[in-house]
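Peer 1: Pasting a structure here, questions to come.
The values are calculated or read from the model by the stated rules, or taken from the named source; none is laboratory data. Everything numeric in this text was worked out from a predicted model, so none of it was measured. Please note: Cβ atoms are built from the backbone with ideal geometry, for glycine as well, and neighbour counts cover all protein chains shown.
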Amino acid sequence: MYAWYIDNRLLLAKPEHATVLRLLNVTPDGEAAWLFDMSNGEVLRQALIDHEQVERAFGQGSQLLQADVLAPAKREWAPWKFVNLTVDGPGLRGVTEEGLVIMLRDPGHALLTGVTREWVVTQGGREQEALERLARSVAHSALLTVEVPDGLAWFVADTGRMIRVPRVAFAQGFEVLGTQHQTNVLLRENKDGKLLTYPREGDAGPLSYVQREGEVLVVQSAETKIDDLPALLPDDVTTLVLRMGEGAVTYRLPPSIWWQVQSVILDCRPSLPDKATVPGTLVWDLKEPEQLQLSIVDEHLVIFDPNSGRSVICREVFATDVSLRGNVRFSFGGARYYSVSTWVTQVVALSGSQSITLKELLETSAAREVDLAG
């Protein structure tokens with residue numbers, strides 16, 4: 001039997017066939033842990049037990065008295081088998097004996113994300129055709145990383161295009177964010193936060209923070225103004241999160257972004273609750289802002305555009321914990337700026353839980369306007 005003590009709970013595993021087990025990580029729900037059955041190449045999920053369950057199972061001794069207290073380990077992501085497993089964000093990254101790189105997410109979601117150099121060598125120069133066959137038969141990400149001996153390469157699954165870049169083009173480490181227009185790969189350099197595109201050479205940023213998880217992209221600018229959001233956005237992103245808690249940053253939201261994503265989330269929660277900051281600004285290029293519908297949903301201000309069906313969500317600006325309440329300014333062109341904190345106050349007073357148009361809000365009273373020209 002294997003045992004680990006994790007966060008004041010016990011992990012006990014007694015698999016039937018495994019001879020060597022390695023602890024990988026606690027599952028995202030915190031109720032179990034993933035184990036690597038190294039003898040069979042399988043991932044197992046074993047539930048954690050608390051002190052009361054330990055007492056029921058063992059009493060005051062070390063012999064197991066009630067076996068039914070210990071739930072049996074369950075295999076995850078069958079039928080995949082792996083020769084190597086590492087923690088990868090909220091899930092795992094596995095490499096199969098054949099050299100396939102698989103992203104594993106709970107519950108049971110396995111996605112091919114690339115192939116190893118060993119896999120490429122075994123294809124005998126026909127890796128393009130082999131990748132196309134894989135893309136037809138296995139669930140996969142839009143962009144597959146290909147470890148070629150002489151450089152870097154990515155396979156765009158939807159188009160069958162192979163993008164190759166000489167390794168000398170990257171002096172530092174980088175993170176792959178995806179493709180742009182299905183023809184270029186978008187990367188972020190770890191050292192300075194610059195975003196680079198290849199093979200069409202271009203750059204944007206820098207960004208002090210960026211993270212992509214599926215169709216969600218979170219960014220934070222390292223500068224005070226970002227006018228070219230499209231240059232930061234990979235294909236297939238439907239939710240764009242702009243971190244604005246540091247204040248004094250301006251993002252311009254052009255029509256091309258507005259039609260590419262389903263929602264834009266403004267995370268304006270202050271990074272330090274007691275630190276006063278100048279509110280960040282969203283310059284929204286929208287022809288008819290008067291038709292926008294504003295409503296309070298839970299602790300958030302939701303601004304819905306009925307013409308497109310898209311939304312801008314100001315996160316936790318009506319939070320119960322006032323230390324989490326941030327502020328942000330909106331501009332629709334010109335010199336007029338609108339404070340979200342004032343909008344929240346007016347929406348609650350005028351409509352309660354119902355929505356109200358921006359035109360009605362401004363006409364009724366008092367949304368505070370800051371005229372920078374005056």
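Peer 1: Within the range 41-92, take every residue that is touching a Lys or Arg at 6+ places or on another chain (Cβ under 9 Å), in a loop (DSSP other than H, G, I, E, B) and farther than 15 Å from Arg9 by Cβ and give me the one that is modelled with the highest pLDDT.
Peer 2: Gly41
Peer 1: Consider only pairs whose beta carbons are under 7 Å apart and that are at least six residues apart or on different chains; among these, list those whose first residue lies in the range 331-349 and is surrounded by fewer than 17 Cβ atoms within 10 Å (Cβ to Cβ) and whose second residue is part of a strand (DSSP E or B) and modelled with pLDDT under 85.
Peer 2: Ala335/Asp371; Arg336/Glu369; Arg336/Asp371
Peer 1: Kindly indicate whether Val218 is surrounded by fewer than 19 Cβ atoms within 10 Å (Cβ to Cβ), touching a Gly at 6+ places or on another chain (Cβ under 9 Å) and not in a loop (DSSP other than H, G, I, E, B).
Peer 2: no
Peer 1: Now a separate question. Count, please, the residues in the range 279-313 that happen to be under 25 Å from the mean Cα position of the chain (by Cα), surrounded by 15 or more Cβ atoms within 10 Å (Cβ to Cβ) and either under 19 Å from Lys359 (Cα atoms) or among the hydroxyl-bearing types (Ser, Thr, Tyr) (or both).
Peer 2: Selection size over the range 279-313: 14.
Peer 1: Something else: State which residue is surrounded by the fewest Cβ atoms within 10 Å (Cβ to Cβ) when the search covers only the range 72-112 and only residues that are closer than 16 Å to Val26 by Cα and among the aliphatic types (A, V, I, L, M).
Peer 2: Once the filter is applied, the top-ranked residue is Val87.
Peer 1: Considering only the range 124-147, I want to know if a residue exists there that is touching a residue at least 60 places away in the same chain (Cβ under 8 Å) and either more than 22 Å from Pro28 (Cα to Cα) or part of a helix (DSSP H, G or I) (or both).
Peer 2: Yes; the residues of the range 124-147 include at least one that is touching a residue at least 60 places away in the same chain (Cβ under 8 Å) and either more than 22 Å from Pro28 (Cα to Cα) or part of a helix (DSSP H, G or I) (or both).
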